[in-house]
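FYI, it's all coordinate maths here, none of it is from the lab. Predicted, not measured: the structure shown is a model, and the values here were computed from it. So basically every Cβ, Gly included, is an ideal-geometry build from the backbone, and we count neighbours across all protein chains shown.
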Amino acid sequence: MNKFDKQKASDRWEILRQAILKKTKDGEKHKKTSMIEFVSFNLLTTDQVLDNNGDVWHQYQYSSIPSFRARIKHISKSFNPEELIGFNNTGNVCVWPAEEVLTYWCLENRELFREKKICELGGGMTCLAGLTIGTSCEAEVVTLTDGNEDSVQNVKEILKENDKHLKASQVDASVLRWDKPEEYNNFMEMFDFVISADCLFFDQYREDLVKTINTILKPKGICIIFAPKRHNTCEEFCAIAKRKFEVTIDERYDAVVWDKHIKALENSSEIYDENRHYPLKITLTKT
């Protein structure tokens, strides 16, 4: 194992370690001392609300679009290390910064998705970006997916909670594993857009992810991915993707996000590592 492989393995275990620390039986947060201390660029506002059953929901709003409202809930169960290294429970821990940025980008560019068919891959326990498209514009179809059954069950409950606010003609959720073509072949060349956030650091699934995207995108379809560098994982994914797609990588894709990134770098009191926290925008165009 070379030094890059060792570092990537270390990063993945650090994600899992922090995930375990973040989920405790009484719901209290441990003092955060490592990479996931930076959890948000604060691009959206969130409030906690209780439903009639006393369950806690996180309501996302965006000041530039007063009509927008998306309500999510986190999975309350605590995961042990064996469960977290399954396929894939890191998305059941929190809304990661890349998902937040993807959500914000989808709001800012919501007109792209009007009357289009969109699929979110690896959306975790909330599929927040895909849900946002479903609640912010009149898309034709929005399909929310993850490879973990607990995630998808939670997303289905989220869709019920947001039902009155959905603007898309059809929004649904399903289990979709990139290494099982039988779970996505029925979506063959169905989608105009595929979106995804921070799903590139799994070495064994990069080829499968590229194959999945290529299968479900229409000809000339576009995939938008937001993901941090995580050493050379983005680079490795893009090298594979270039076999099938026209690939562009943008670092300064939005003035607001870039400004928050620079301020985070300058704020020495914050634990912020652009390698792990600042997502690049990767665009794949099916040729």
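Residue order for SER63, SER40, fewest other beta carbons within 10 angstrom first, comes to SER63, SER40. Note on segment 92-163: Cα-Cα pairs beyond 16 Å make up 44% of the total pair count. So for segment 118-257, considering every pair of alpha-carbon atoms, how many percent are separated by more than 19 Å? In whole percent, the long-distance tail amounts to 51.
Over segment 209-250, what portion of Cα pair distances is larger than 12 Å, expressed as a whole percent? Value for segment 209-250 (Cα pairs over 12 Å): 61 percent.
Annotation for SER169 and LYS242: the two label points, set 7 Å from Cα along the Cα-Cβ direction, are 3.9 nm apart. Subtracting the Cα-Cα distance of VAL39 and GLU115 from 0.36 nm times their residue separation leaves 24.1 nm of extension gain. Relative to a virtual label point 7 Å from the Cα of ASP250 in the Cα→beta-carbon direction, which members of segment 209-225 show backbone nitrogen distances below 16 Å? Those under the cut-off are 222-225. As a proxy for reagent exposure, ARG252, ARG71, ARG114 were ordered by neighbouring Cβ count within 10 angstrom, fewest first; the result is ARG252, ARG114, ARG71. Alpha-carbon geometry of segment 237-277: the Rg and the Dmax are 14.2, 43 Å, given in that order.
Residues VAL210, VAL56, ranked from the fewest to the most other C-beta atoms within 10 Å, line up as VAL56, VAL210.
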